[in-house]
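Notes follow once the structure below has been shown.
The values are calculated or read from the model by the stated rules, or taken from the named source; none is laboratory data. Computed from a predicted structure; not experimentally measured. Positions of Cβ are backbone-derived with ideal geometry, glycine not excepted, and every protein chain shown enters the neighbour counts. The accessibility values were calculated without ligands, DNA or RNA, using every heavy atom of the protein model including side chains. Shrake-Rupley method; radii C 1.70, N 1.55, O 1.52, S 1.80 Å.
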Amino acid sequence: PNRRWEGGWKWTSLDGKAGGGGGDVCTVEKFRDFDLRLEFRIDGVVNSGIKYFYNPEYAKGTTLEYQILDPEHPVPPNTTAEAFENRRVASLYYLFPAHAAAHLKPRGEWNEARIVSKGRQVEHWLNGVRVLSYERGGKAFREAFKATKWNKPEFQKDGPWGEAPEGRILLQDHSDKVSFRNIRIRKI
């Protein structure tokens, strides 16, 4: 990691050079209907995610994200606690809250994330419990999208945001200490 929380983000350097972390990890293959399971472990005030239907050339590289966020992550300035709920663990980042913190194991322990996508239906799971279900492109999805930072023409010139027909899976390096293991994906 190249940053740490000390009442505010403190940036560090490795060997006198800016940067850190390992960078995003992305599949070569694209997926449409899939069942993805993996384990993640957070150490500290972590912000990361599992992005899916990722295409760097679609919607300026923005996409759907299963949020990985420590429950003690502070609410950013100029954001209410209520507005921050859709950025908590297992939520569909910035769109739908999962209210899954009760299912998250303590820092340093392994958690299992699962994302099931079949057609337009998507489910987020945390440690064996389905915590979120939504329809990509459905009425509720499009309403929630209107309040996002991506509701601008430049993010929709390739088609409706978050509705790419297929894409890659990406494990996000957000410069925080998060680990992934036992990654498996099955086409369905």
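With respect to the cross-link table entries 60/152; 51/149; 118/146; 30/51; 51/187, which display a Cα-Cα separation exceeding 21 Å?
118/146
Assuming a viscosity of 1.306 mPa s and a temperature of 10 °C, what translational diffusion coefficient in µm² per second does Stokes-Einstein assign to region 97-188, Rh being the Kirkwood radius over Cα pairs?
102 µm²/s
Let me cross-check residue 170: its accessible surface, 1.4 Å probe, with only protein heavy atoms counted, in Å² to the nearest 10?
Its heavy atoms expose roughly 10 Å² to the probe.
How big is the gap, in Å, between the Cα center of region 52-72 and the Cα center of region 75-94?
Rounded to whole Å, the Cα centres lie 15 Å apart.
In the chain, with Lys and Arg counted as +1 and Asp and Glu as -1 at Cβ, which of these residues, 52, 180, 31, has the Cα nearest the positive end of the dipole, that is, farthest along it?
So the residue furthest toward the plus end is 31.
Taking amide hydrogens as modeled 1.01 Å from N in the peptide plane, which residues meet the under 5 Å criterion relative to residue 45, leaving out close sequence neighbours?
When sequence neighbours closer than 5 places are left aside, the close amide H contacts are 5.
As a test of reading the structure, rank 48, 175 by solvent-accessible area (1.4 Å probe, protein chains only), most first.
Sorted descending by solvent-accessible area, the residues read 175, 48.
Please report Rg over Rh for the chain, where both radii come from the alpha carbon positions and Rh follows the Kirkwood definition.
Working: Rg = 16.2 Å, Rh = 17.1 Å.
Checking Rg against Rh, the ratio lands at 0.95.
Given a cut-off of under 8 Å on Cα pairs at least six residues apart, what relative contact order in percent is computed for the chain?
Taking the mean separation of contacting Cα pairs over the length of the chain, I get 35 percent.
Rank 161, 125 by accessible area, highest first, at a 1.4 Å probe radius? Before the final figure, lay out the partial values.
Values: 161 5, 125 55 Å².
Of 161, 125, the descending order of accessible area is 125, 161.
What aspartates and glutamates could a cross-link reach from residue 139, if we take a straight Cα to Cα line under 16 Å and drop same-chain neighbours fewer than 8 places away?
Within the straight-line limit of under 16 Å, residue 139 reaches these aspartates and glutamates: 163.
Keeping all protein chains in place and using 1.4 angstrom, which order do 34, 155 fall into by accessible surface area, from largest down?
Result of the area sort, largest leading: 155, 34.
To the nearest 10 Å², what's residue 146's accessible area with a 1.4 Å probe?
Roll a 1.4 Å probe over it and residue 146 shows about 120 Å².
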